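Participant: I am attaching a structure below and will ask some questions about it afterwards.
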Amino acid sequence: MAETLEVAFTVNRRPVRLRVGSDRRLLDVLREDLRLTGAKEGCGKGECGACTVLVDGAPVDSCLMMACQADGAVLDTIEGLADGDRLHPLQDAFVEEGGVQCGICIPGMVLAGKALLDREPRPDAAAIREGLAGNLCRCTGYTKIFAAVARAAGQRARPAPVPAAESARPSSHRPLSLEAALELLSMHAGEVRPLAGGTDILVRAQDGRQSRAALLDLTAVPELKGIEERGSDLWIGAGVTHSELMRSALAARYAPALPEACAVIGGPQIRNRGTLGGNLANASPAADTVPALYAAEAVVELVSVSDRRQVPIDKFFTGPGQSVLARDELILAVRVPRRPGVRGAFLRLGQRRAQAISKVSVAVAMTFKDGRPDWARVALGAVAPTVIRAPRAEAALLAGGYEGLRGAREAVRAEVSPIDDLRSTREYRREMAGLLLERAVRRLAEA
Ligand SMILES: Cc1cc2nc3c(=O)[nH]c(=O)nc-3n(C[C@H](O)[C@H](O)[C@H](O)COP(=O)(O)OP(=O)(O)OC[C@H]3O[C@@H](n4cnc5c(N)ncnc54)[C@H](O)[C@@H]3O)c2cc1C
Ligand code: FES
Ligand code: FES
């Protein structure tokens, strides 16, 4: 049953402290309790971006964030953008370009545009498209919307002072240490489920397959954060988001396919919340970080109140949606051996570029000695019940040159066992697996 929790945050530069049900989403509290109705509920599942707000400056789908997860955060909604009677330059630009056709999608578009321009004041056309890839306009007014963002580029609004956000620390649902999280999980094993970015589990809750009241938020646990060199490994905390990974120089050096995979997950709002640990625990054969982790020979660190264990990535998954993770265990981190000079690439095929599940994905990692390949790893997603390695393709690649590439492409076609489903046929997936492998190896070799 839902409890009542105290939470505190800053909304539009105003400190707010209120009591909320533990099962309430940020979107509900903004709209119903604070009467900030600019954020809209379109899909309720992270697909349309109509509920976008800024959390600590980053665009987030407020339908996929629990209210208690905003404790201590600085929030901006569309209502706080204008400076008194003066519109924000981006709002002016939307008016000037005729980018506003409805009141449903535009608040989210403007906020996603603001986050982009705050981070990258002069984005090119591709960056504008990418920055707004998590926002749908159902009347397809994209040309004017993109023009509005381009028009506002370089015009900075007067920054208003932001008071430091308070925190009410609702620690029964939002533990502040790994020890506290593990104890709560062990006490309520089977009753509560870990919650990280919420981009999978809150979609399940929206479909009625998961109670929102029975979630244990991990996003304030510091031990799950960080990307660092530890001994001979690169250590990546389970709570690291896809956005953090795609910008990490260490991940690019030691697991180069991984940031490339993170960069194509969902749209900006999904990448700002979705975590590596959530992607693994979900155990989807189409999860995009997983082929990159297979290619990097990653090891998953699991922890419970009484035990710690390390599981090689290819032993972690037991089937679609299934893994060796026990109900009282958390994924603490992923370790990747630091291999000097490793190169890598990730490519995938989806229905469209953003917000789409992979039909086929390929990750490759290779090292070279005197210009010839001396180590190769190939992993494929969405072509078998779990992500798979392709050892015959790896062996073929070691031959080097065009022969190696042709051999690997043929080998991979034989190594995959895709299925027919709504998204693709078996034969198409098989062909595409070979083609993507060839393209990935060419890209990696030219890098
Ligand atoms: C619109 C949309 C687009 C998407 N696009 C993609 C895509 O392109 N590619 C892709 O791979 N995925 C995609 N996803 C799926 C999702 O974003 C990712 O799987 C994401 O990495 C999940 O992480 P999370 O932190 O949000 O997990 P959550 O939803 O918080 O949790 C997911 C599962 O992991 C468990 N969990 C979370 N952290 C831990 C931990 N540390 N230890 C143990 N268990 C844990 C939870 O209990 C839950 O069962 C998409 C989702 C949406 C809604
Ligand atoms: S309502 Fe569609 S993404 Fe939140
Ligand atoms: S302007 Fe809102 S759906 Fe197109």
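The values are calculated or read from the model by the stated rules, or taken from the named source; none is laboratory data. Values in this document were obtained by computation on a predicted structure and should not be read as measured data. Using ideal geometry, Cβ is built from the backbone for each residue, glycine included, and neighbour counts are taken over all protein chains shown.
Participant: Enumerate the pairs (first residue in segment 389-414 and more than 22 Å from ALA298 (Cβ to Cβ) and in contact (Cβ under 8 Å) with a residue 12 or more places away in the chain; second residue anywhere and among the charged types (D, E, K, R) and in a strand (DSSP E or B)) with beta-carbon separation below 6 Å, excluding pairs fewer than 6 apart on the same chain, so at least 6 apart or on different chains.
Facilitator: If the second residue must be among the charged types (D, E, K, R) and in a strand (DSSP E or B), the pairs left are GLY400/ARG372.
Here is a yes/no grid of residues against (1) at pLDDT 95 or above; (2) in contact with a Gly (Cβ under 7 Å, 6 or more places away or on another chain):
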residue	(1), (2)
THR199	yes, yes
ALA205	yes, no
SER211	no, no
ALA214	no, no
ALA220	yes, no
LEU224	yes, yes
GLU228	yes, no
SER232	yes, no
GLY237	yes, yes
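Participant: Report yes if VAL16 is surrounded by 19 or more Cβ atoms within 10 Å (Cβ to Cβ) and of a type in the set (Val, Ile, Thr), otherwise no.
Facilitator: No, not satisfied.
Participant: Based on what the data block shows, is ARG174 touching a residue at least 40 places away in the same chain (Cβ under 8 Å), more than 16 Å from ligand 2 (Cβ to nearest atom) and under 27 Å from ASP71 (Cα atoms)?
Facilitator: Yes; evaluated as a whole, the condition is true for this residue.
Participant: Just checking, how many residues over segment 338-351 are in a strand (DSSP E or B) and under 21 Å from the mean Cα position of the chain (by Cα)?
Facilitator: 7
Participant: Right, next: Out of all the residues in segment 234-249, is one or more farther than 28 Å from GLY57 by Cβ and either surrounded by fewer than 23 Cβ atoms within 10 Å (Cβ to Cβ) or among the small types (Gly, Ala, Ser) (or both)?
Facilitator: Looking through segment 234-249, none of the residues is farther than 28 Å from GLY57 by Cβ and either surrounded by fewer than 23 Cβ atoms within 10 Å (Cβ to Cβ) or among the small types (Gly, Ala, Ser) (or both).
Participant: Name the residue, out of PRO89, PRO59, that is out of contact with any strand residue (DSSP E or B) (no Cβ under 9 Å at 6 or more places or on another chain), in contact (Cβ under 8 Å) with a residue 24 or more places away in the chain and either in the same structural domain as VAL162 (by TED's automatic domain parsing) or more than 16 Å from ligand 2 (Cβ to nearest atom) (or both).
Facilitator: PRO89
Participant: Give the residue that is farthest from ligand 2 (Cβ to nearest atom), with candidates limited to residues of segment 104-150 that are assigned to a loop (DSSP other than H, G, I, E, B) and small (Gly, Ala, Ser).
Facilitator: Among those that are assigned to a loop (DSSP other than H, G, I, E, B) and small (Gly, Ala, Ser), it is GLY141.
Participant: If you check LEU184 against the conditions, is it in the same structural domain as GLN269 (by TED's automatic domain parsing) and modelled with pLDDT of 95 or more?
Facilitator: yes
Participant: If we scan segment 398-413, do we find a residue that is part of a strand (DSSP E or B), at negative phi and either away from ligand 1 (no atom under 16 Å from the Cβ) or polar (S, T, N, Q) (or both)?
Facilitator: For segment 398-413, residues part of a strand (DSSP E or B), at negative phi and either away from ligand 1 (no atom under 16 Å from the Cβ) or polar (S, T, N, Q) (or both): absent.
Participant: Then there's this: If I ask for residues that are in contact (Cβ under 8 Å) with a residue 12 or more places away in the chain, part of a strand (DSSP E or B) and out of contact with any Phe, Trp or Tyr (no Cβ under 6 Å at 6 or more places or on another chain), which ones from segment 309-337 would you list?
Facilitator: GLN310, VAL311, PRO312, PHE317, THR318, GLY319, GLN322, LEU330, ILE331, LEU332, VAL334, PRO337, listed by residue number.
Residue-by-condition table, conditions (1) more than 18 Å from ARG348 (Cβ to Cβ); (2) in contact with a helix residue (DSSP H, G or I) (Cβ under 8 Å, 6 or more places away or on another chain):
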residue: LEU202; (1), (2): yes, yes
residue: MET246; (1), (2): no, yes
residue: LEU250; (1), (2): yes, no
residue: CYS262; (1), (2): no, yes
residue: ALA286; (1), (2): no, no
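Participant: A further question on this structure: THR37 is checked against (1) within 16 Å of ligand 3 (Cβ to nearest atom); (2) within 22 Å of the chain's Cα centre (by Cα) and fails just one. What number does that condition carry?
Facilitator: Condition (2) is where THR37 drops out.
Participant: Which numbered condition trips up ARG327, out of (1) charged (D, E, K, R); (2) modelled with pLDDT under 95; (3) surrounded by 20 or more Cβ atoms within 10 Å (Cβ to Cβ)?
Facilitator: That leaves (3) as the condition not met.
Participant: Which residue, of GLY341, GLY407, GLY371, GLY401, is surrounded by fewer than 16 Cβ atoms within 10 Å (Cβ to Cβ), small (Gly, Ala, Ser) and at pLDDT 95 or above?
Facilitator: Only one candidate passes the filter, namely GLY341.
Participant: Taking PRO285 as the residue in question, decide whether it is under 21 Å from GLU394 (Cα atoms), modelled with pLDDT under 95 and more than 16 Å from ligand 3 (Cβ to nearest atom).
Facilitator: Spelling it out, PRO285 is indeed under 21 Å from GLU394 (Cα atoms), modelled with pLDDT under 95 and more than 16 Å from ligand 3 (Cβ to nearest atom).
Participant: Also, I was wondering about something else. So, LEU218, is that one assigned by TED's automatic domain parsing to the domain that holds LEU302, under 23 Å from CYS68 (Cβ atoms), buried (at least 18 other Cβ atoms within 10 Å of the Cβ) and within 15 Å of ligand 1 (Cβ to nearest atom) or not?
Facilitator: Yes, satisfied.
Participant: Go through segment 54-95 residue by residue and tally those that are crowded, with 24+ Cβ neighbours inside 10 Å, within 22 Å of the chain's Cα centre (by Cα) and either closer than 20 Å to TYR142 by Cα or within 16 Å of ligand 1 (Cβ to nearest atom) (or both).
Facilitator: Final tally of qualifying residues: 12.
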